[in-house]
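Colleague: Take this structure, written in structure tokens, and hold onto it; I'll ask about it next.
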Amino acid sequence: MKASALTDKFRQDWWSPSHGLFADSLALSQMVLTDPPATVGTLPRYTQLQQLNWIDVAPMETSFASVPDASMVFPQLESSTFTGPTGFFQQGQSLPAIQGDLEASAVNTGAMAIAEANYGRMDQSLRYVEFIADELDIEQPGALPELFPSPGYKYFSGGNPFGGAMVMQAWSSYGIHWPLVELYLGIKPDAPAKTLAIVPELPGSWRELSIDDLRVGSDKIAVSVRRARMRYITTVWAPAGWSLIIGYTFPANTQVKSVRLNRSPAAFQIVNTNRGEEIHVQTNSGGTQEVQIQTAGGRDSDE
Amino acid sequence: MKPRLGIWTVLIAASLLSAPTIRAGHIPLKNEPLERQTDQDLNMKRYVAAGDRAYIVDVQNGSLVPDVSLNPDGIGWHIKGQMGGVWVHPIKLLHQFRFFLNDNLLPAATKFVSGEGYVRLELPPTGGLEISETQFAPDPRVTRPQ
């Protein structure tokens with residue numbers, strides 16, 4: 001109840017129907033002279049500001065926005081207003097009102113990769129993952145930088161080549177590690193509770209993805225997901241002692257023909273999330289657990 | 001634990017130049033070392049080789065202090081011109097160091113390689129020698145999970 005009330009309040013304050021975007025900040029409509037809390041407390045409503053700051057993606061990065069709102073926002077964030085040829089801008093451009101900095105940078109491009117995947121938009125997510133991967137060698141080979149070459153930020157061409165953004169920035173890998181582990185492989189652990197959900201979703205152009213030696217609590221697990229025609233196979237290797245949910249994520253209204261656990265027909269749940277319809281099979285860990293799902297139609301025409 | 005100088009730089013006149021490395025943009029095969037390299041614009045690119053206690057920030061050609069024509073201010077924005085060099089916090093140990101062979105300053109590196117926990121600057125053949133410089137900063141203890 002409290003969560004939904006807060007969500008409603010957030011949307012009332014931040015959603016801007018005229019833009020089809022969430023505001024990037026809220027402003028007061030009057031000067032605050034001496035006592036900000038008192039002034040704020042008396043205002044019926046804040047003034048929404050829209051300056052095309054990259055923080056516009058935050059309600060989707062946190063999966064906070066409703067699916068209908070997100071589906072209005074994403075095409076704008078993906079457009080050249082916010083996204084350049086190398087990544088997501090720190091501030092987008094809408095002339096003449098907003099010049100923007102047109103600097104593409106790693107961490108907000110990563111936020112887009114995660115936001116898109118949160119809503120099952122895996123091909124769009126992969127576009128942002130690849131923006132980041134493409135810059136792996138831009139300055140120090142193998143070290144992701146802070147900013148990407150973009151209309152607002154030039155590498156190696158005059159100016160001050162050694163006084164600019166970071167050559168090596170740890171958070172820049174956010175948009176690789178997080179979407180691939182938590183959303184593409186769909187690994188969501190609760191180690192204290194010894195529960196582990198593995199509900200993957202792959203971009204249309206990917207047939208398989210796997211990870212080995214992933215530390216979860218004090219254990220190590222491995223996960224593999226494969227897709228062939230209309231079969232989706234999620235395999236989990238984990239030591240005994242975990243409650244598992246294994247499955248796959250499909251667009252809404254996908255027709256599931258069969259669900260098997262270790263080759264035997266299995267009970268399953270369909271759970272609606274912002275990603276789509278998640279198929280969940282419950283089991284316990286120990287050795288190899290494999291869930292195979294057959295659908296009547298794939299999410300793309302790759303058959 | 002005895003205090004130690006945290007960053008080592010090793011000059012090796014050896015056959016390392018023939019070691020296979022990975023071209024930019026190339027995904028390494030399983031039997032290839034996890035190295036990535038570049039020979040482009042080294043005088044305009046920075047690098048970091050870091051351990052828990054010490055690190056170096058340098059220019060990929062090994063000059064440490066960039067050409068004034070490229071950058072009159074040196075490496076560093078937050079602390080203008082002062083963020084390059086060898087650091088063992090809270091001490092900046094060296095702003096610059098240089099190597100000489102028979103009293104001649106070694107030439108700038110022409111290839112830069114990043115590896116797992118180290119970097120390698122490869123110099124053009126000098127005085128009949130192939131010369132490379134491998135830099136790494138050891139951590140005080142090994143705590144990697146097995």
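Nothing in this text is a laboratory measurement; each read-out follows from the coordinates by a stated rule. Remember, it's a predicted structure, so these values are computed and weren't measured experimentally. So basically every Cβ, Gly included, is an ideal-geometry build from the backbone, and we count neighbours across all protein chains shown.
Colleague: Anyone know which of A:LEU28, A:LEU214, A:LEU144 comes out most mobile in the 10 Å Cα GNM of chain A?
Modeller: A:LEU28
Colleague: With viscosity set to 1.567 mPa s and temperature to 4 °C, compute the Stokes-Einstein D of the stretch A:187-295, Rh being the Kirkwood radius across alpha carbon pairs; µm²/s, no decimals.
Modeller: D, rounded to a whole number, is 93 µm²/s.
Colleague: Please report the net charge: other residues with Cβ closer than 14 Å to the Cβ of B:THR134, K and R +1, D and E -1.
Modeller: Neighbour charge sum, excluding B:THR134 itself: -4.
Colleague: Once every DSSP H run of n ≥ 4 in chain A is given -39500 (n - 2.57) and the sum is divided by its residues, what mean residue ellipticity at 222 nm do you get, rounded to the nearest 500 deg cm²/dmol?
Modeller: -6500 deg cm²/dmol
Colleague: If I take R0 = 35 Å and measure r between the Cβ atoms of A:SER94 and A:VAL181 in this structure, what FRET efficiency does the formula 1/(1 + (r/R0)^6) give, to the nearest 0.05?
Modeller: 0.50
Colleague: Hey, if you put +1 on the Cβ of every Lys and Arg and -1 on every Asp and Glu Cβ in the protein assembly as shown, which of A:ALA27, A:GLY110, B:PHE97 ends up farthest toward the positive end of that dipole?
Modeller: A:GLY110
Colleague: Taking the protein assembly as shown, how many lysine pairs are there with alpha carbons less than 30 Å apart, if each pair must be eight or more places apart or span two chains?
Modeller: Count of close lysine pairs: 21.
Colleague: Let me ask something else about it. Under a point-charge model restricted to the Cβ atoms of Lys and Arg (+1) and Asp and Glu (-1), what is the dipole moment magnitude of chain A relative to its Cα centre, in debye to the nearest 20?
Modeller: For chain A, the charge dipole is close to 1060 debye.
Colleague: For the stretch B:42-120, compute the orientation-averaged projected area of the C-alpha convex hull (one quarter of its surface), in nm².
Modeller: Directional mean of the projected Cα hull area for the stretch B:42-120 stands at 6.0 nm².
Colleague: Using the Kirkwood radius built from alpha carbon pairs, what does the Stokes-Einstein equation give as D for the stretch A:2-176 at 4 °C and 1.567 mPa s, in µm² per second?
Modeller: 74 µm²/s
Colleague: What percentages, rounded to whole numbers, describe P(r) for the stretch A:27-116 computed over all alpha carbon pairs with 5 Å bin width beginning at zero?
Modeller: That works out to 3, 13, 20, 17, 14, 12, 11, 7, 2, 0, in percent per bin.
Colleague: Looking at the stretch A:166-303, send over the antiparallel percent of its DSSP beta bridges, to the nearest 5.
Modeller: 90 percent
Colleague: Another question about this same structure. So how far apart, in nm, are the two label points at A:LYS2 and A:SER79 if each is 7 Å from Cα heading toward Cβ?
Modeller: Label at A:LYS2, label at A:SER79, 4.0 nm between them.
Colleague: Given B:VAL119, A:ILE245, A:GLY100, which one lies farthest toward the positive end of the charge dipole of the protein assembly as shown, if we put +1 on the Cβ of every Lys and Arg and -1 on the Cβ of every Asp and Glu?
Modeller: So the residue furthest toward the plus end is A:ILE245.
Colleague: Taking 1 over the mean of 1/r across every pair of different Cα atoms in the protein assembly as shown, what Kirkwood radius in Å do you get?
Modeller: Value: 25.4 Å, from the Cα pair sum.
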